[in-house]
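Here is the structure we will look at.
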Amino acid sequence: MFVGREKELSDLNSRYDRGSFEFAVIYGRRRVGKTTLINEFVKDKECIVYTATETNEKQNLTDISQSIYALSDEFKGSNAVFDSFRDAFETVFRMGERRRIVFVIDEYPYLAECSKGLSSVLQLCIDKYKDTSKIFLILCGSSMSFMENQVMGYKSPLYGRRTCQYKIRPFDFFETASFYSRFKSNDLAVIYGITGGIPLYLSMMNDKKSVEQNIKQNFLTPNAYLYEEPQNLIKQECRDASQYNSIISAIASGATRVSEICSKAGIDSSLTSNYLSKLIGLGIVKRETAFGAKNDKKPIYTIEDLMFRFWYRFVQDNTSIINRGLADVVYNKIEPYLTEFMGSVFEEICIQYMWRQLINGKSDIQFTDIGRWWGSDPRTKQQAEIDIVGSAGTTMIFGECKWRNEKTDVSVLNALIDKSGIFSVNDKVYYLFSKSGYTKGCLEKAESMENVTLVTYNDIIQSL
């Protein structure tokens, strides 16, 4: 069953109905649903869908030739191979002069890497036939850095040729929640936290079972798909898997600066930057700067993929126990720390909620940017962090998020107000987000101030 991606699918179909040449770029990390979206789009259309493989140029040319021949009766039963990719592409574009055809090259980075100059060949065909051919060309890839730089980047031969692009992202919390009807509200957040909103992983979670049962079944069983998923993805995408694994492990253990990562991973700093760039391109790691930072000379690196974050925190170090079939023992080790793990996940949910409220016209403040802040408090010379900081003209937003089983006390609001003093602005608004509600003292103080908004997790759930 196809779920989600309604906007992308609607836009693709709208462009298809125009009947003129289109060149779409679709990209995003593995398992995010790119191919599923494409398959849904082409299911009722005449199409050529070719998935490139990590093999040599000759094999890929042979395979793509068969995909093209299979569409046309004039080549029916042929085992011939085009002399070159240019011949193959020109044939497709000429076929498109007579009828509407969707031409998909999935995993385009594999094809481009085995055939140097391929993007230039495509560029020549596009320039030659774009005014006469009804081809709907789609290039799809999982290497985000490759697709952004080598396909859409200004140095690429294909620069300026695309008519649209779709960066397919993991589902957010609200989209994730729409997958299920039986999970308890708190469980929905945890399921989002352990899957990262990746459609394939979401499909493995059974809402007839508890979170504990789902974790045991999908992560803590030796034959489970997610038990080795991060390692398999790294091996599939990276040549020196052990080095990448060391870097991710270092970040998962708390190393955020390059120097810290190098030290914990035992990798030379001259190599680490390249490894980090690759992981960023795969959507596994992200490079962050504090909100409002005027330069990015001191970024931090965190694990962007929530499933990777969960796996490296709780599964990696317990593989020996898991392999002995002791899922209950491992879960008992995990359970006391799940609330702490969910702290950063809840921050992301809260930021998504604020954007959702703004988009739906329900926000009390029209902010233009929002993020996290960390740095030195000049008043105390100590490090400080603020979960949410945003700007709306001359007004600044400050927020704190608490995923705890107890109610949030007024001390949290007082601390947030105090930390906001780091910023020299007159207009400030405050947001508190709490899983379990607020104490009487916190409610009373918030009510006495006009610039404080208290949001419970239940409020977030009710906005679904």
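Determine the per residue accessible area of the chain with all protein chains present and a 1.4 angstrom probe, expressed in square angstrom.
Details: 21950 Å² over 464 residues.
Per-residue accessible area for the chain comes out at 47 Å².
For the range 390-441 versus the range 152-167, the inter-centroid distance based on Cα atoms is 42 Å. The orientation-averaged shadow of the Cα convex hull for the range 219-264, equal to a quarter of the hull surface, comes to 3.7 nm². Working from the Cα coordinates of the range 96-141, the gyration tensor eigenvalues give, after taking √(5λ), semi-axes of 21, 13, 6 Å in decreasing order. Ligands, DNA and RNA left out, the accessible area of the chain computed with a 1.4 Å probe is 44% carbon and sulfur. Counting only Cβ charges, +1 for Lys and Arg and -1 for Asp and Glu, the dipole size of the chain around its Cα centre is about 260 debye.
What number comes out for the charge environment of Gly28, summing +1 per Lys or Arg and -1 per Asp or Glu over other residues with Cβ under 13 Å away?
+1
Distant-in-sequence amide contacts of Ile48, defined by a placed amide H-H separation under 5 Å and a gap of 5 or more residues or a different chain, comprise Val102, Phe103, Val104. In the chain, the DSSP-assigned H stretches of four residues or longer account for a calculated mean residue ellipticity at 222 nm of -13000 deg cm²/dmol, using -39500 (n - 2.57) per stretch and the full residue count as denominator.
When a/c reaches 1.5 or more, the comparison of a/b and b/c decides; with that in mind, is the range 373-425 rounded, prolate or oblate per its Cα gyration tensor? Taking the square roots of the gyration eigenvalues as a ≥ b ≥ c, the range 373-425 is oblate. Across all directions, the average projected area of the convex hull around the alpha carbons of the range 289-409 is 11.1 nm². Here the mean projected area of the convex hull built on the C-alpha positions of the range 60-162 is 6.2 nm². Indicate the gyration tensor shape class of the range 140-237 (rounded, prolate or oblate), computed on the Cα atoms with a ≥ b ≥ c the square roots of the eigenvalues: a/c under 1.5 is rounded; otherwise a/b larger than b/c is prolate and the rest oblate. It comes out oblate by the Cα gyration axes. At q = 0.13, 0.16, 0.20, 0.26 Å⁻¹, work out log10 I(q)/I(0) for the range 7-74 with the Debye formula, treating every Cα as an identical point scatterer and leaving solvent out; two decimals please. Debye curve over Cα of the range 7-74, log10 I(q)/I(0) at q = 0.13, 0.16, 0.20, 0.26 Å⁻¹: -0.49, -0.73, -1.04, -1.25. Between Thr53 and Trp355, residue separation times 0.36 nm minus the direct Cα-Cα distance comes to 104.9 nm. Annotation: extensible slack from Ala80 through Asn426 equals 117.2 nm (criterion: 0.36 nm per residue apart, minus Cα-Cα distance). Around the amide H of Thr408, modelled in the peptide plane, lie the amide H atoms of Ser436, Gly437, Tyr438, Thr439, all under 5 Å away and 5 or more residues distant in sequence or on another chain.
Taking R0 as 45 Å, what's the FRET efficiency between Ser72 and Gln231 from their Cβ-Cβ distance, rounded to 0.05?
0.60
Rg of the Cα atoms in the range 387-464, relative to 2.2 N^0.38 Å, amounts to 1.08.
Within the chain, DSSP assigns beta bridges of which about 35% are antiparallel (rounded to the nearest 5). Efficiency by 1/(1 + (r/R0)^6): what FRET value for Glu46 and Asn149, r their Cβ-Cβ distance, R0 = 25 Å, to the nearest 0.05? Efficiency at R0 = 25 Å is approximately 0.20.
When only alpha carbons are used to place a centre, the range 339-373 and the range 178-212 end up 20 Å from one another.
The values are calculated or read from the model by the stated rules, or taken from the named source; none is laboratory data. Bear in mind the structure is a predicted one, so any value in this text is a computation, not a measurement. Glycine gets a Cβ as well: all are built from the backbone with ideal geometry, and neighbour counts include every protein chain shown. Surface areas here come from the heavy atoms of the whole protein model, side chains and all, with no ligands, DNA or RNA. Shrake-Rupley method; radii C 1.70, N 1.55, O 1.52, S 1.80 Å.
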